[in-house]
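Let me begin by presenting the structure, written as structure tokens, before commenting on it.
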Amino acid sequence: MQFVISKENYQYKCKKCNRITNLKSSELEWRLTESYSRTQGLENMYTASIHSRCRCGQEMGIEFTVWEYPKGVINCQDNQASGCIVLNKLEMKLDNG
């Protein structure tokens, strides 16, 4: 499954020095991490994560999670950040081709 992200850059800010970092959507590598059988077929959970160090030395990380259910539909999405603050929502759609 390939995700298409509508925003060119995703931005997050260091909690220590407030420096803003841009992440290109093409830098995310998605992987299927869980799959469950449900009434309308499989529910799949995909994750991608980034880890970086700010110039000030602060460790930063974000884990993105997307649930697909039923097939071809993004049911839910979330992210968990550490050492940084997420500045904009990562908007995605599924590319089934």
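No lab work stands behind these numbers, since they all come straight from the coordinates. Not measured: the values here are computed from a predicted model. Please note: Cβ atoms are built from the backbone with ideal geometry, for glycine as well, and neighbour counts cover all protein chains shown.
When Lys71, Lys89 are checked against the criterion of being exposed (fewer than 12 other Cβ atoms within 10 Å of the Cβ) and farther than 16 Å from Asn18 by Cβ, Lys89 stands alone in meeting it. If you go through the range 62-97 and keep only what is of a type in the set (D, E, K, R), outside any loop (DSSP other than H, G, I, E, B) and within 13 Å of the chain's Cα centre (by Cα), you end up with Glu63, Asp78, Lys93. Looking across the range 39-51, just one residue is over 11 Å from Lys71 (Cα atoms) and either exposed (fewer than 10 other Cβ atoms within 10 Å of the Cβ) or in contact with a Pro (Cβ under 7 Å, 6 or more places away or on another chain) (or both), and that is Thr39.
Of all residues in the range 73-97, those that are among the acidic types (Asp, Glu) have Cβ atoms under 6 Å from Cβ atoms of residues that are assigned to a strand (DSSP E or B), 6 or more apart or on another chain, in Asp78/Thr65; Asp95/Gln2; Asp95/Val4.
Just so you know, in the range 13-32 the residues that are part of a strand (DSSP E or B) and touching a residue at least 24 places away in the same chain (Cβ under 8 Å) include one that is nearest to Thr65 (Cα to Cα), and it is Leu32.
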